[in-house]
Structure formats: structure tokens, C-alpha cells
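These notes are about the structure you will find just below.
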Amino acid sequence: MQDLENNYFGNPRREVAALIPPGVETVLEIGCGQGMFRSNFNRLHEYVGVEPNPEAASVAATSLDRVYVGTYTEVAAQLPLAHFDLVVCNDVIEHMPDHDSFLAEIRKHMKSSAALLGSIPNVRFFRTMADLLLHKTWRYADWGVLDRTHLRFFTESSWRETLSEHAFRLETLKGLPEPESVKSVRRRLAESAWIRLIGPDSRFIQFAFLARS
């Protein structure tokens, strides 16, 4: 359980941080966990977090300027308008009951040239699709693409469309594969076959993105 909590709340997400644009001074992170993403920035004027888990929020409060305990919907009225250069949403949007409302509403807290940065799981990940097509299963788990707390599911193309529908201009969409692990030759060949069958986008378990408002 501790490893799971560290993965969800204490991961600095360096692979997403690689997309941080220059010139950022004010950051709002939705679902900030323990505040570890803050370590990817050198100098900032302000870093504000929103986190519904009280224990994680208390840890984040030791390194962020302010942390609001609750979901975005619960604390939105307390957030300043037209204030932030960057809004960070790492593994958050798929948990929202109404992601369309969030994407429409979050713009009012962003400066005119601000960016939206984050990551989303890829429901076309080859292992998920193989289980569905070969084993006819769609089984929720404690983590991963089919995390039991996920309320929304996206593919590369559907996420592009979603951002476009909300007038966000996508600058970067980067596929994130699973961490490397030791696999047998047979298993690597089987996985490669599935990826060729389903499509190259199925290689990625997540996508990191940067979009402008």
C-alpha cells in the first residue's frame, strides 16, 4: 500500500516535467498529491496546489505556497482569476465526473497566454486491448489504465478532439511507455505483435500533453 501511495501522491513525474514551458512564474496544480511536482521548478513566484486527500495535502503544504483541500469544484471559488501561467493536471482529468466542465471553467483562472500541462492514461494501451479482445475482460484494478477510480477514458485521438473542442491549442502530445522491465524474448515478441495489430499508439500507457489556452 505504501508503494501505491508513493506512486500516486509522491511521484515527481520527471517525464511530464520535460514539457514545462519557459517563463513560468505562477503555477496551479490540480491533484498535487504530496507536492513533489514542485521539485521540477527552480524559481517561481507562486505555487498553489489543490488536493482532496487530507494526508497528502498536509505534506504538500510543507513545500507549496498554498494548498486547498478538496476537489477543484469544491475550491474553485477560492482561486484567483486570470492569475496562473501554468495549470498542472497529472493523472487527474480521468477522475473527474465532468471533465468538460473543468476544461471550460479552468480557463478563467489562467492568464491569456497560459498553458495546461499534464498526463492522461491511454485506454488503447495494448495490454488493456489484448485483455478485452482476447480474454473478453474489462477488469478494474487498484492502479493503471483501468484504475477503479477512473470515471473517464481517453485515446490519443479523443484527447486531441477534447482539447480542440474547448479551444485549447495542443503544442505537444508525448506517448509514455511502461517503465522498462526484464521480459522474456517470447513475451517481448507477443507484445510487439499486439502493438502491430492494434496500432502504434497502443504502445503507450499514458500521454503527456502541453496545450495553450
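In table form, for the structure just shown:
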| quantity | calculated |
| --- | --- |
| Residue check, Phe209 out of contact with any Leu (no Cβ under 6 Å at 6 or more places or on another chain), surrounded by 12 or more Cβ atoms within 10 Å (Cβ to Cβ) and among the aromatic types (Phe, Trp, Tyr) | no |
| Long-range neighbours under 9 Å by Cβ, at least six apart or interchain, first residue closer than 17 Å to Leu86 by Cα and modelled with pLDDT of 95 or more within the range 108-135, second hydroxyl-bearing (Ser, Thr, Tyr) and not in a loop (DSSP other than H, G, I, E, B) | Lys111/Thr26; Ala114/Thr26 |
| The range 121-161, residues that are under 17 Å from Phe102 (Cβ atoms), surrounded by 14 or more Cβ atoms within 10 Å (Cβ to Cβ) and either among the acidic types (Asp, Glu) or in contact with an Asp or Glu (Cβ under 8 Å, 6 or more places away or on another chain) (or both) | Pro121, His150, Arg152, Phe153, Phe154 |
| Residues of the range 128-158 satisfying the condition of being of a type in the set (Phe, Trp, Tyr) and touching a strand residue (DSSP E or B) at 6+ places or on another chain (Cβ under 6 Å) | Phe154 |
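The values are calculated or read from the model by the stated rules, or taken from the named source; none is laboratory data. Values in this document were obtained by computation on a predicted structure and should not be read as measured data. A quick note on method: Cβ atoms are made from the backbone with ideal geometry, for glycine too, and the neighbour counts reach across all protein chains shown.
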